[in-house]
Amino acid sequence: LMGRLLRRPMHALFGLSGAGSCAYLLGAVCGFPVGTRAAIMLYDRGLMTRRETERLVTFCNYPSSAFMISAVGTALWHDRRLGAAIYVSVLLAGGIPARIAEKKSGNAAAPLPAIRKPEPSALPDSVTAAALSTLNVCAYVAFFSCVVGCISCIISRFSPSRTTEAVIYSLFEVTSGAAASSAVRPTGVGILLCTAAAGWSGLSVHMQIFSVCSSAKNARPRLGGYLISKAVQAPLSALIMLAAMKLFPSLAQSAAPTG
């Protein structure tokens, strides 16, 4: 149903069929790795080609709105508006490269098949898949939290700056990177580093995406484009956030980082 409603906007913006709209919206709202999981399900069901899936995965993975607005905005910066601004900056940064790629591809929107009734096992299968995905995410978060802890012990001997710590932590895990960014001064620099960390998302998230894609029943999608896209999203997110702070100076002035 969603694919039929959003078929034209999805094709006009990203050059993909309407089926991909579900993965894009779920990834934007629900966070990692829901968007990729939805994309792989569509791919396994034959609703998207391998090439379409590879392109969709590059821009359907974002930090969840709850994480960005509540955990980052409220908990780290004491300002929900700032968290929402960072969230929107990351979304825009993910859509711009996808829009550019769409102009180069020139693909035609594929028609969707007829709507079928859900299988009787749809609900229990969904709950089971969600439980397995939760364990998968928690495992990667716990592992990379330990990695960041080990790195922290090692680099503490060299007395690095707060900025250096934030950059290193952001490479591995987005939550640790965002938390470290809140300790950077001046506050504006910390906000930009936090936005870049959310755009890059960290190796922890990338491993989650690789794990989901490796479970595809068909030929596994290639993820080189995904990594390039994330590398572009990090500085682009920061640039968009910088423009937002120039237009709305109160975003940085009202922030009260916890450090």
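By the Kirkwood approach, averaging reciprocal distances over each pair of separate Cα atoms, the chain gets a hydrodynamic radius of 19.0 Å. Place a label point 7 angstrom from the Cα of residue 71 along the Cα-to-Cβ direction, then list the residues of the range 224-259 whose backbone nitrogen is under 11 Å away. Flagged as within label range: none. Over the chain, with a Gaussian network built from C-alpha contacts below 10 Å, which listed residue (141, 34, 90) shows the highest mean-square fluctuation? Highest fluctuation among the options: 141. Mean-square fluctuations from a GNM of the chain, with a 10 angstrom spring cutoff on Cα atoms, peak among 132, 242, 223 at 132. Can you give me the angle between helix 122-155 and the longest principal axis of the chain, using Cα atoms only, in degrees from 0 to 90, rounded to the nearest 10? Result, in degrees: 30.
Determine, from the Cβ-Cβ distance of residue 222 and residue 29 and an R0 of 35 Å, the FRET efficiency 1/(1 + (r/R0)^6), rounded to the nearest 0.05. FRET efficiency, residue 222 to residue 29: 0.85. Over the chain, dividing the summed -39,500 (n - 2.57) contributions of all DSSP H runs of at least 4 residues by the number of residues returns a 222 nm mean residue ellipticity of -21500 deg cm²/dmol.
With N the number of residues in the range 165-259, Rg(Cα) / (2.2 N^0.38 Å) evaluates to 1.25. The listed peptides 148-155, 55-62, ordered by packing as a protection proxy, come out as 55-62, 148-155 (highest mean of other Cβ atoms within 10 Å first). Its Cα gyration tensor gives the range 1-67 an equivalent ellipsoid; the semi-axes, largest first and in whole Å, are 18, 13, 10. Among 88, 147, 184, the largest mean-square fluctuation in a Gaussian network model of the chain, built with springs joining Cα atoms closer than 10 Å, belongs to 147.
Values in this text are rule-based calculations from the coordinates and carry no lab data. The shown structure was predicted, so the numbers you read here are calculated from the model rather than taken from an experiment. With ideal geometry, Cβ positions are generated from the backbone for all residues, glycine too; neighbour counts draw on all protein chains shown.
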